[in-house]
Every structure is written in structure tokens, then in C-alpha cells.
Amino acid sequence: MAQRQTLPVLPLRGTVIFPGLTAPIAAGRPGTLRAIESALKGDRLVFAVAQRDNTDEPTAEILYSMGVIARIQQVQRGLGGIQLLLGGEQRATALQYTTTDNYLSAVIVPVEEMNPLDDHDPAFEALHKETRERAGELGERRGLPEEVVHQVLDSVTDPGRFADLVAGYIELSVPEKQGLLETLSVEERLRRVLVHVQRQIGLLEAQEDIKSQVQEELGQRQREMFLREQMKAIQKELGDDDQSREMSELRDKLAKLELSKVARQEVERELGRLERAGRESMEAQVIRTYLEWIAELPWNKRSDDVLDLNGSKDILDEDHYGLPDVKDRILEFLAVRQLRAKQLSEEVEKTGEVPAAKVKASKEDATPSLSPESEEDKPITDSKEAKARAMAKGPILLFVGPPGVGKTSIAKSIARALGREYVRAALGGIRDEADIRGHRRTYVGAMPGRIVQGLKQAATKNPVFLLDEVDKLGVSFQGDPSSALLEVLDPAQNDTFTDHYLNIPFDLSEVLFIATANFIQNIPGPLLDRMEVVEFSGYTEREKAEIAKKYLIPRQLEESGLGDKGVKFTDEAVMVVVTNYTRESGVRQLERQIGAVARKVARKIASGVTGSITDETITADEVRTLLGRPRVHPEHAAEENEVGVATGMYYTPAGGDIMFVEAAIRRLHGVQPSDNNVQVSGWGNVSLILTGQLGDVMKESARAALTYAATHASKLQIPEDRLGSIEVHIHVPAGAIPKDGPSAGVTMSTALVSAMSGRPARKDVAMTGEATLRGRVLPIGGVKEKVLGAHRAGITTIILPKENEADLEDIPEEVRNVLEFHCVGTLEEVFNIALLPASRPVNTPKTEMEEAEDAAEAAEATAGV
């Protein structure tokens, strides 16, 4: 066991002494000077240990426990203190620090380092050798002579002493040096020293690179210009440089394009600028990008149209269920163009060409080209071009309908039926005109607009181009995108569409544009005028069920990994999902609910709940178990006939439904003046209260209904005792939902007359229509959706305006067969159908409540006298 000894403590600030190294130390603190004097009186040994903190008054708490037993070799006294030359001898650890005669002393124990088990181990020898070589490299990089470096390093052969030598000279922080001092394993200390040395070498290399770059920066541009001129001369002599080859390839690509005279001049001008500009200059990069865009656009590439109308019909029927009116309109649109295209292609095959004027004459809204060298003036000699040109200049289709009814997907089916490429541009939220027309090349990072980008993506000049959500374009200080679309969607102008980035005309007349929208009223008038509207209505419940069985369920089972498990849905289960868990015109929510059922079944099968059974049939009860309580609670027909409650119909983008209009009459005693009071001839004061968050139009309908009832009181069998001062309260339930529109006029009139006459309204009758003061019933919209909603609610009799009778053809036949329709022209016809005879004749005894009201009125009148 090592022998303990007590030595004066020499605190070190900002440095660490290693065994075998000699270091100069400056001492000036009083406690340190007294410790040095004590050591000089003895054997000149001190315990040199580093401080954790750089403080003037060291204490035992801020000193490390591991230090070095050092011998004072030289002493030089001066006015500011003492200069020492310390020589480290051996590691030691302090067991205790004490203060003696105003200086620190320590009880220490020498510590022996841990040599490797085998000094001749190859790995250890390789580590030792690598450390020596890297240490020598570090010394040379610091500017020391090679002979001096080798002389110092070769003087130490012991690995442990060598590690201490290198650790003492490399630039490290005090904690890092202290960590090396406390590493007793020679092998580990060598490894850590090697890491620090390599890090120092990397730092010096980075400094040298930075220094050389700074030195070269001043003359770099001059040298670049000189070398570039030399390189150009050499390349000119050789004739095979990369830049020349790239330029030649780009020129060949551009030469193959069938460009107009204006476009060709612009391309040649930019090519000349590119050749004159330096290859690495910013301008050259901008020009090259511009020319590459032009080279990649489909100026003369077309896809061959498929002229098979029956095949197109099969594709539409295969991809979409229902939508007969939409499919008929699309097939008519395709039939006209296919017939014309077929005629022209056959003529090309027979005669070899077709005059361009003949194609122009067949186009709708065609305008003569002012350019004598326009592409349209050239005779057509290719049957593929004849087909494409014949199908150009047609009307732009606008698909309008609620979300999820298949507007976007049917556009993809049209592309498949024609054999054309399909491109979709989502326009929702766009507020910058540059998204349509592109940015001018003067801006950094300029790009073409979405139209040109879509054509590049399609790689043909006659794709089916879908402009999705065209009703959701915005307007900002950056321009109006809808105005930029005017040129794109105008068949008379889009053959010379000019993108701001390209700045040369591009022919869009062969592109089949299709737009989609949810709300047609959000589309500006001039833009809407350029498109032909095709309306998509919501699906019936039966249609949704068929779509689910044919398309949605197989797709969701496949995505959930149940495609081969034999999982099936019963018809009742599908209808439960449709009616109790979805409320929409489309089928997106329906697909999500079916996917939820499929995922829950997949979890049961994967977790072994169903054992090895793979043939599972999902019933209506299992749907309720898997999806929980029903999420949709639609209105149902009333359970009994009621006085003052009439059933109306309404339409939203999510579909149609029924609503109840409630009316109540109350006698007034001592009526106070109010804005709601209405003077009705023969009635006195009438207070009209409207609740249910009604809009202005519905409020006006209620006032018109009240006036009609007042002017036709005798005909409507309204008792005379109801003609006094009364309060009329009309309420439409679901007060949290705003409501408006004129189509509730008939329903409000029926509920009001029912309440005033005491005649119950039939529970199985739903009605819609606008009412006038003269009692006429005017037409309304959304008949199909309203009727389907009433049918779902259990209504059996429908009252519609006479002028909406033609709209009954849009209602599915299976719904028409189970409903009774009445098309009326006056409110009198409505009341005859919707109101039952009063349950109590007019002259029968009054009820107790009515007698009490009469008594109170008489008492008040007497008190007034």
C-alpha cells in the first residue's frame, strides 16, 4: 500500500501539470507564497492540483482530488511574486485538505497507473504508434521544426509517459486535461489523447483552408476570367467540350418543335444570348431553364382519340353508378365531336389533306386568325391531328353539385373513354393571377402557371384538363385568378394563350377543359358565361346502397386486408349505414363508415376473436355494435294530425329533408303598442312573433301568410271570436340553424290557417312553394332533393307548385310509384288537401280555457268602464 504524506498545496489556475513534464508557474497569492516557502524549507515537494473555478482564494471545495506530486526545480523572485519551474513526478490523490499556517496542505497518497496486460499486444502497439505519428504531424502543422518534434517525442519511450507528454502540450480545457490526468489506464489514456490530437489536426486543416481561400479571394475573379478565356480557346480547338455538346443537344430539341414564326424568333434570340453568356453566370441559368421549358412542352404531340361511343358509354357505366342525365349529356358532347373527328380523319386518309378553313368552319365561336403563318392556316395532313382539331373549340363543361357525387372522378372517366391523358389542377384557395398565367422572368424563381405546368405533365397538347373547385377562387391585391381564366376557357381566344413566363402564344384549343364547382353562385358571371353547366344532384338511399355494394365495400375490404377473408355485408346492414350513420348527398362519409366497420372486423380477425373463421357476414345488428349509436337523427313524419303544425320540405347541399312549421294563436288583453303589432281590418291589433332564426325572406313569407288569412277569413272557416286582438306566434324548430328562402311560404300559410281555423294539418302531407298575397303558389327549386328527403322521412303525399310538375321526371321511378303528388296553383287547393275538417264545429260549446279567456276579457273591459 502506498505511503501517505502531507505536502503543501499549490493551486493551479487554468492549467494542469502532468507527470514527467516541466512547466513554468507564476505565483503571487499570499497563501500560495507561504506554501512555496514551506516546501523550500523541506524537500521542495508540493502537491500541484488544478482549481475547478478561477478564484483568488482557493478552498478545499474548489480543488480537484487528483493532482501531481511536483518538485520545485528553480525559483526566481520578483516584485510581483515568484516564478517557479515545476517538474511533475507522480500522480497522487488528496485524502484530506487542511489549512496550516494560513496555507493549504493535503494528506495525499501516490497513485500508480494501470499498464496494459501485454505491452506487445498488436492492438496496443498500433495505438501507441498511431498516437506518435499523429502527435508528430500536429507538431509540424503548428510550425515546429521536424527535427525538434522527433527529438522531443523520441526521448520518451514509455507509453504512459508519452501520453502525458502529448496531453501536456495540446490545447485543451482544464476539465479535459483533468480527465486525462485522472485516466489511470495507459491504453485508455492513449486512445483519448489520440482523439484530441486528431481533433486538433482537423481544426488546423480547416484554418489552413480558410486562410488559403481568403488569400485567393482577391485575385479569384481575374484568374477565372483568364482561365475561362483559355478554356474557350482550347475547347474551340478541340471541338468536343461538354458545353458545346449540351448546347447542340438543346438546339436540336428546339429545332424539332413545330413553332410559329414569333415563337421561333424568340427561341433563336434566347439561344444566342445563352451562347454569349458565361456558363456559370446567373443569366445563363435563367435562359437555360426557360429554353428547357419550351423544349419540354408538347407543341406538336397529340394522343390519338378513341372514337367509340359505345365504349365510352361502357366506361362511364363501369366507373359510376346512376347519374343518367349527366351521362347522357356527356355522351352527347362526345358524340358530336367524335362524328366530326371521324369525318375529317377519313377525309385525310382518302385525299391526303384537309383545308384548315374546313376545320375552322366546324368550330363553335371560331374566329379567323390574324397571323398569316398561324398553325391553323396550314392544311391538315395527319389523321391524328384532324381528330384533335375537330374536337377543339367545343363548349367548356362545368360540373356543379354537392361534394362527393363524382364530379372529379367522372372527368377521369371521360379521359379514359377518349384515350387522352388526364391532368387535374386544384384551384381552391388560389388568390394570385400568376398561378394561372405564370410569373414574368424578371422575378427570381419565376415559373410558368398551372396551365402550362399541366400540359408539360401530360406531355400531349390535347389532354382532358380538370379545373377543380373553380368556385373557390379568391381575390387579393395580387390579382383575380378568375379573370385570368377567361382567356383559358374562351374557345375563341385560347388558341393563342400567352403565359407570362413563356411570353409566346401556346394553342390550348385542343385541350378538353372540364371545371367543377359546389356553389354556382360563387362563380363570376363572365366566367360562368363561357361554360356549359351540367348539374349533379345527390344520390338516393337506394343508389347509395348500390354504390356501396359495387364499389365502396370491395375497395374498403381490400384496403383493410379482408379481400380474401370472405367478409360480406347484408343489404340491411348497408341500409343501416346509409340511413343511420351518414347524411350527405355524396358517398364520402359512407365510404368512411364502411371503412370503420372493415377495420373493426379486421381487428377482430387479427386478434383471434373470431378464431379461424374467415367467412363472416356483417348484419344490421353487428353494424350497430361496431359503429355504436346512430350518428344521424333525421326528421320523421309526425305521429298524429295536429292543429297549427304543417310539414314543409327544404334543400341543402347535403340533401333534402322535412321541417315542421308551428303556429299558435293567443288572445291579447290590454294590448300595448309595439313594432310587432299589425293593424288588420276587422281584426284589431295583431301581434306577429317569428322565432327559429329566420331570414328576411321567410319573415316576409310569414307576413304575407297572415295578410292572406285576414283577407280570406270567412272562406277559410276562421271563427269570428278569433278576429279580435290576438298574438300570432310562428316558430320553426332547430333554432340554432339559420333558415331562409321563399319556398316555406305555403307551409307557413298552412300552419297559420290551421291554428286560426282549428283544422288539423295532415301528418302524411309535405309541401313546398312560394305563396303570394293573392294566394298564388309560385315555383321553387331543388324538387328532387326535397321529395327524396320527404320520402325518407315517411311522407306519402307531396304538394308541389303547378309549374314544377315537369320536375317530377327527375325523381326516380321507384320513388314516384310510392308517393302521391298534387301540383297546385293556389293556396285554396293546398288547404283542401292538407287540412282536415275541424274536430269541433264552430257553434259547439267552448272549452274551459276559452271560457276562462272570455271571462278575463270581460272583467278587464268592465274595470275599464
Checking GLY20 against (1) farther than 25 Å from ARG161 by Cβ; (2) touching a Lys or Arg at 6+ places or on another chain (Cβ under 7 Å), only one condition comes out false. Which one? (1)
The range 568-581 - residue that is of a type in the set (Val, Ile, Thr) and open to solvent by less than 10 Å² (accessible area, probe 1.4 Å) and, of those, farthest from the chain's Cα centre (by Cα): VAL574
Checking ALA35 against (1) open to solvent by 10 Å² or more (accessible area, probe 1.4 Å); (2) in contact with a Phe, Trp or Tyr (Cβ under 6 Å, 6 or more places away or on another chain), only one condition comes out false. Which one? (1)
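Conditions tested, residue by residue: (1) farther than 30 Å from VAL475 by Cβ; (2) outside any helix (DSSP H, G or I); (3) modelled with pLDDT of 90 or more.
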site: GLN521; (1), (2), (3): no, no, no
site: LEU527; (1), (2), (3): no, no, no
site: GLU543; (1), (2), (3): yes, no, no
site: GLU546; (1), (2), (3): yes, no, no
site: LYS565; (1), (2), (3): yes, yes, no
site: VAL576; (1), (2), (3): yes, no, no
site: THR579; (1), (2), (3): yes, no, no
Does the range 162-179 hold any residues that are touching a residue at least 24 places away in the same chain (Cβ under 8 Å) and open to solvent by less than 40 Å² (accessible area, probe 1.4 Å), and which are they? PHE162, ALA163, ASP164, LEU165, VAL166, ALA167, GLY168, ILE170, LEU172, VAL174, LYS177, GLN178
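Quick check on ARG189: is it among the basic types (Lys, Arg), open to solvent by 30 Å² or more (accessible area, probe 1.4 Å) and within 60 Å of the chain's Cα centre (by Cα)?
Working: among the basic types (Lys, Arg): yes; open to solvent by 30 Å² or more (accessible area, probe 1.4 Å): no; within 60 Å of the chain's Cα centre (by Cα): yes.
No.
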Output the residues belonging to the range 817-839 that are open to solvent by 80 Å² or more (accessible area, probe 1.4 Å) and over 51 Å from the mean Cα position of the chain (by Cα). GLU828, ASN832, PRO837, SER839
Return the pair list, or none, for Cβ contacts closer than 9 Å from residues in the range 109-123 that are acidic (Asp, Glu) to residues that are part of a loop (DSSP other than H, G, I, E, B) and surrounded by 10 or more Cβ atoms within 10 Å (Cβ to Cβ), at least 6 apart or on different chains. GLU112/ALA2; GLU112/LEU184; GLU113/PRO19; GLU113/THR183; GLU113/LEU184
In the range 38-65, what residues are surrounded by fewer than 19 Cβ atoms within 10 Å (Cβ to Cβ) and not in a loop (DSSP other than H, G, I, E, B)? SER38, LEU40, LYS41, LEU45, GLN51, ALA60, GLU61, ILE62
Can you pull out the residues in the range 14-37 that are among the charged types (D, E, K, R) and within 15 Å of GLN83 (Cβ to Cβ)? ARG29, GLU37
Of (1) open to solvent by less than 60 Å² (accessible area, probe 1.4 Å); (2) farther than 23 Å from VAL405 by Cα; (3) in contact (Cβ under 8 Å) with a residue 24 or more places away in the chain, ALA545 satisfies every one except (2)
Selection status of HIS791, closer than 28 Å to PHE519 by Cβ and touching a helix residue (DSSP H, G or I) at 6+ places or on another chain (Cβ under 8 Å): yes
Just need a number here: residues in the range 192-206 that are under 23 Å from PRO122 (Cβ atoms), in contact with a helix residue (DSSP H, G or I) (Cβ under 9 Å, 6 or more places away or on another chain) and open to solvent by 10 Å² or more (accessible area, probe 1.4 Å). 3
Working only within the range 451-471, note down all residues that are under 19 Å from the mean Cα position of the chain (by Cα) and at positive phi. GLU469
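Looking at the structure I just gave you, is GLY561 modelled with pLDDT of 85 or more and at positive phi?
Answer is yes for this residue.
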Farther than 25 Å from GLY789 by Cβ, modelled with pLDDT of 85 or more and surrounded by 14 or more Cβ atoms within 10 Å (Cβ to Cβ): does that describe ILE594? no
Those residues that are in contact (Cβ under 8 Å) with a residue 40 or more places away in the chain, out of contact with any strand residue (DSSP E or B) (no Cβ under 7 Å at 6 or more places or on another chain) and surrounded by fewer than 20 Cβ atoms within 10 Å (Cβ to Cβ), I need them from the range 529-542; list them, please. GLU541, ARG542
Based on what the data block shows, is ALA70 crowded, with 16+ Cβ neighbours inside 10 Å and either modelled with pLDDT of 90 or more or part of a strand (DSSP E or B) (or both)? yes
Just to be sure I understand the filter: pairs with C-beta atoms under 7 Å, separated by 6 or more residues or on different chains, first member in the range 130-146 and touching a residue at least 24 places away in the same chain (Cβ under 8 Å), second member open to solvent by 80 Å² or more (accessible area, probe 1.4 Å). Which pairs pass? ARG134/GLN198
Among the residues of the range 741-760, the number that are farther than 21 Å from ILE798 by Cα and open to solvent by 30 Å² or more (accessible area, probe 1.4 Å) is 0
So ARG424, is it modelled with pLDDT under 90 and not in a helix (DSSP H, G or I): no
Taking TYR443 and the conditions (1) in contact (Cβ under 8 Å) with a residue 12 or more places away in the chain; (2) out of contact with any Asp or Glu (no Cβ under 7 Å at 6 or more places or on another chain), which numbered condition does it fall short on, given that it satisfies the others? (1)
The correct count of residues that are outside any loop (DSSP other than H, G, I, E, B) and either among the hydroxyl-bearing types (Ser, Thr, Tyr) or open to solvent by 30 Å² or more (accessible area, probe 1.4 Å) (or both) in the range 95-119 is 10
Could you tell me which residue of the range 427-442 is least open to solvent (accessible area, probe 1.4 Å), considering only residues that are outside any loop (DSSP other than H, G, I, E, B) and closer than 24 Å to SER409 by Cα? ILE436
Could you check ILE82 against (1) assigned to a strand (DSSP E or B); (2) closer than 23 Å to LYS177 by Cβ; (3) among the hydrophobic types (A, V, I, L, M, F, W, C) and say which number it fails? (2)
Members of the range 447-481 found to be open to solvent by less than 10 Å² (accessible area, probe 1.4 Å) and polar (S, T, N, Q), listed by number: ASN462
Just give me the residues in the range 548-563 being outside any helix (DSSP H, G or I) and in contact (Cβ under 8 Å) with a residue 40 or more places away in the chain, in sequence order. SER560, GLY561, LEU562
When the range 482-519 is examined, which residues are found to be touching a helix residue (DSSP H, G or I) at 6+ places or on another chain (Cβ under 6 Å), assigned to a loop (DSSP other than H, G, I, E, B) and open to solvent by less than 10 Å² (accessible area, probe 1.4 Å)? ASP499, ILE504, LEU508, SER509, GLU510
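The values are calculated or read from the model by the stated rules, or taken from the named source; none is laboratory data. These figures come from a predicted structure and were not determined experimentally. Cβ coordinates were reconstructed from backbone atoms using ideal geometry, including for glycine residues, and neighbour counts include every protein chain displayed. In case anyone asks, the SASA skips ligands and DNA or RNA and just uses the protein heavy atoms, side chains included. Shrake-Rupley method; radii C 1.70, N 1.55, O 1.52, S 1.80 Å.
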